Structures are given as structure tokens and as C-alpha cells.
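The values are calculated or read from the model by the stated rules, or taken from the named source; none is laboratory data. Bear in mind the structure is a predicted one, so any value in this text is a computation, not a measurement. Reconstructed Cβ throughout: ideal geometry from the backbone, glycine too, with neighbour counts over all protein chains shown. Areas reflect the complete protein model, heavy atoms only, side chains present, ligands, DNA and RNA absent. Shrake-Rupley method; radii C 1.70, N 1.55, O 1.52, S 1.80 Å.
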Amino acid sequence: MEVKYKNKSVEVWEISKTNEQPDWVKQAFKENYLSWYDDRLKILLTGINPTAKRNIKLGIMNGILSVGQGFGGTYAMGDIGDFLDITNGRVISKKYFIKHYYIKIDDE
């Protein structure tokens, strides 16, 4: 779904095994950028909707040789009910989502 965060449009998906998946989520599962580990979702952030600026930021933030950093990119884990903010390349809690994001109205 498209929502607003810091006055910018961003694309998010509420992590769930049962809710509707946007096309980018379906494609990410197909390409193994998303995979389930019981009720946790493993996410290859640099593989989904990649931008050079965001991937550099993710690399710097996580450190070049940190755990979760491999040759292929940076991984994050999300729980059911969390939100995957693909525009900013991060997983956020439902509580943070409710407080800082808002759903766009069609005419915005």
C-alpha cells in the first residue's frame, strides 16, 4: 500500500501469510528476496526495489563485515504484523507505523 512518511510517498506491506500481496512482494518471493522461517520473514533488502543510494546507506549503516551482511546484500527479519517499508529499505513495528505513517487518501 502507498502511504505517507515524512511528507513523502512510500510503499509498505504489512507482513502476513494471509493478506493480499502487491506485485512487488510476489516478485520478491519468486526471486527468493523474501522467505519464511516459521512465522518470521527473512528479507534481502538490497534485492527488493534496489537503488544505489539506499544500498550504500544500508551497507554503511550495517557495516561492511557485520553479521547479516554477505556478498549478496543486507538481510533483515520481520515478524507477522510488522511492516516492510520497501522505499526506505527497513522493517518497522506496527506501533511505529501507526505513530509515524499515514494512509494516503486518493486525492493527495
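Here are some notes:
- In the range 1-38, the residues that are under 20 Å from TYR101 (Cα atoms), surrounded by 12 or more Cβ atoms within 10 Å (Cβ to Cβ) and free of Cβ contacts under 8 Å to residues at least 12 places away in the same chain: GLN21
- Strands (runs of 3 or more DSSP E) completely within the range 60-108 that count 2 or more residues being of a type in the set (Asp, Glu), modelled with pLDDT of 75 or more and at negative phi: none
- Enumeration of residues in the range 39-53 that are open to solvent by 50 Å² or more (accessible area, probe 1.4 Å) and either within 17 Å of GLY89 (Cβ to Cβ) or not in a loop (DSSP other than H, G, I, E, B) (or both): ARG40, LYS42, ASN49, PRO50, THR51, ALA52, LYS53
- Residue, farthest from LYS104 (Cα to Cα), within the range 1-36, restricted to residues that are β-branched (Val, Ile, Thr) and assigned to a loop (DSSP other than H, G, I, E, B): THR18
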